[in-house]
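First the structure, then my questions, so here it is.
The values are calculated or read from the model by the stated rules, or taken from the named source; none is laboratory data. Here the structure is a predicted model, which means the values were calculated and not measured. Note that each Cβ is placed from the backbone with ideal geometry, even for glycine, and that neighbours are counted across all protein chains shown.
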Amino acid sequence: MKVLVDTCAGRRIAGYLREQGHVVEYAGDWEKDPGDETILETATHNAMAVVTRDKDFGTLAVRDKRPHCGIITYIPQIRRTISMLYNMLYKNYAYNIFGTESSLSTSFCTGVSFGAKV
């Protein structure tokens, strides 16, 4: 799976996802943080889901109806977060905001919002 890890999610999450074989871009490696809107646009353009701790991405996706390829938002409890991300990405599923499973793939760029609470 292809993911763009937001700076606030951390280098450790990005590294773990790379170790699991996912294609990962980490916004913290960029020269400067371009802001949430640009991160979301970049992820969508490259058919990547965004992994973040920032709830503003949900606002962009739901309220502002910005297109995206998935947004995985989590509470920063690192061990549980890593386990949750592994289960979601390994099984190629994400949980939508209502708690049901929805298939997630790189071709799933429809604007449907995903979130996960740990």
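Could you check Pro34 against (1) in contact (Cβ under 8 Å) with a residue 24 or more places away in the chain; (2) in a loop (DSSP other than H, G, I, E, B); (3) out of contact with any Leu (no Cβ under 9 Å at 6 or more places or on another chain) and say which number it fails?
For Pro34, the exception is condition (1).
A quick yes/no check of all residues on (1) in a strand (DSSP E or B); (2) modelled with pLDDT under 65; (3) within 18 Å of Ala14 (Cβ to Cβ):
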{"position": "Asp54", "(1), (2), (3)": "no, no, yes"}
{"position": "Val62", "(1), (2), (3)": "no, no, no"}
{"position": "His68", "(1), (2), (3)": "no, no, no"}
{"position": "Phe98", "(1), (2), (3)": "no, yes, no"}
{"position": "Phe108", "(1), (2), (3)": "no, yes, no"}
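Still on this structure: Filter region 1-47 down to the residues that are farther than 13 Å from Tyr86 by Cα and of a type in the set (Ser, Thr, Tyr), then identify the one that is surrounded by the fewest Cβ atoms within 10 Å (Cβ to Cβ).
Thr38
Here is a follow-up. Which one of these does Pro76 not meet: (1) at pLDDT 70 or above; (2) surrounded by fewer than 22 Cβ atoms within 10 Å (Cβ to Cβ)?
Here Pro76 clears every test but (1).
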